[in-house]
1. Out of Tyr28, Tyr53, Tyr69, which single residue is among the aromatic types (Phe, Trp, Tyr), at pLDDT 95 or above and within 14 Å of Ala129 (Cβ to Cβ)?
2. Check segment 105-116 and report whether any residue there is part of a helix (DSSP H, G or I) and surrounded by fewer than 16 Cβ atoms within 10 Å (Cβ to Cβ).
3. Mind checking whether some residue in segment 86-95 is in contact (Cβ under 8 Å) with a residue 24 or more places away in the chain and in contact with a Pro (Cβ under 8 Å, 6 or more places away or on another chain)?
4. Looking at segment 135-144, is at least one residue within 16 Å of the chain's Cα centre (by Cα), closer than 14 Å to Leu25 by Cβ and either of a type in the set (S, T, N, Q) or crowded, with 18+ Cβ neighbours inside 10 Å (or both)?
5. Looking only at segment 53-78, filter to residues that are touching a helix residue (DSSP H, G or I) at 6+ places or on another chain (Cβ under 9 Å) and assigned to a loop (DSSP other than H, G, I, E, B); which one of those is surrounded by the most Cβ atoms within 10 Å (Cβ to Cβ)?
6. Out of Glu99, Glu94, I need the residue that is surrounded by fewer than 16 Cβ atoms within 10 Å (Cβ to Cβ), in contact with a strand residue (DSSP E or B) (Cβ under 8 Å, 6 or more places away or on another chain), part of a loop (DSSP other than H, G, I, E, B) and not hydroxyl-bearing (Ser, Thr, Tyr). Which one?
7. With (1) touching a strand residue (DSSP E or B) at 6+ places or on another chain (Cβ under 9 Å); (2) surrounded by 14 or more Cβ atoms within 10 Å (Cβ to Cβ); (3) not aliphatic (A, V, I, L, M) as the list, and His127 as the residue in question, which single condition is left unmet?
8. Name the residue, out of Ala157, Ala151, that is of a type in the set (Gly, Ala, Ser), in a helix (DSSP H, G or I) and touching a residue at least 24 places away in the same chain (Cβ under 8 Å).
Amino acid sequence: MKKVILLFLLAVMALSMAAAEAPVLFIYEESNENIDPWLEMLRSGLASRSIAYEEKSAAELEGLDLSPYSSLFLYGAVMAFTFKEPIRDWLDTEPDLSEKKVSLLVTANRWFLDKYRGQLQQRLDKHGAETIDTISSATKNLSDDEKAALALKALSAIP
């Protein structure tokens, strides 16, 4: 009986410690036909690594208290034929990112990839974020398997 109680207490303690870990905030541009397949790959990767996370589109971030999150994963996508970049716009609102660990993934078919990654990185630095990883990739010629591998690689830096 003592062993059962001890095992139960250990299980409760383990669950409490896991619950106490701050979830990762997964931020993406928006939901659309080009971004949604990436969102599914990233969600699957987060689940396969047993990473506790919450997700928000950039439009949902206004006024959001970031204090519960120690890490952010930003998925930026260069969107064709528009100057709209919701994550960049959110970063321009000057959120307090001090002491936040940030992983950044930027994808594009090919154009403006490095420019957008640089814009996001500059804003992250300005707001005090600690960037732990940045990956950008032209995706036009990648197979589905290569895209999935890129998504997993981007997630691997999340603490």
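1. Matching residue, one of Tyr28, Tyr53, Tyr69: Tyr69.
2. yes
3. No, segment 86-95 has no match at all.
4. So in segment 135-144, the residues within 16 Å of the chain's Cα centre (by Cα) come out as 135-137.
Cutting the leftovers down to closer than 14 Å to Leu25 by Cβ gives us none.
Checked segment 135-144: no residue is within 16 Å of the chain's Cα centre (by Cα), closer than 14 Å to Leu25 by Cβ and either of a type in the set (S, T, N, Q) or crowded, with 18+ Cβ neighbours inside 10 Å (or both).
5. Val78
6. Values: Glu94 fails: in contact with a strand residue (DSSP E or B) (Cβ under 8 Å, 6 or more places away or on another chain).
Answer to the selection: Glu99.
7. Against the list (1) touching a strand residue (DSSP E or B) at 6+ places or on another chain (Cβ under 9 Å); (2) surrounded by 14 or more Cβ atoms within 10 Å (Cβ to Cβ); (3) not aliphatic (A, V, I, L, M), His127 comes up short only on (1).
8. Ala151
The values are calculated or read from the model by the stated rules, or taken from the named source; none is laboratory data. From a predicted model like this one, the values you see are computed outputs, not experimental measurements. In this analysis, Cβ positions are derived from the backbone assuming ideal geometry, glycine residues included, and neighbour counts consider all displayed protein chains.
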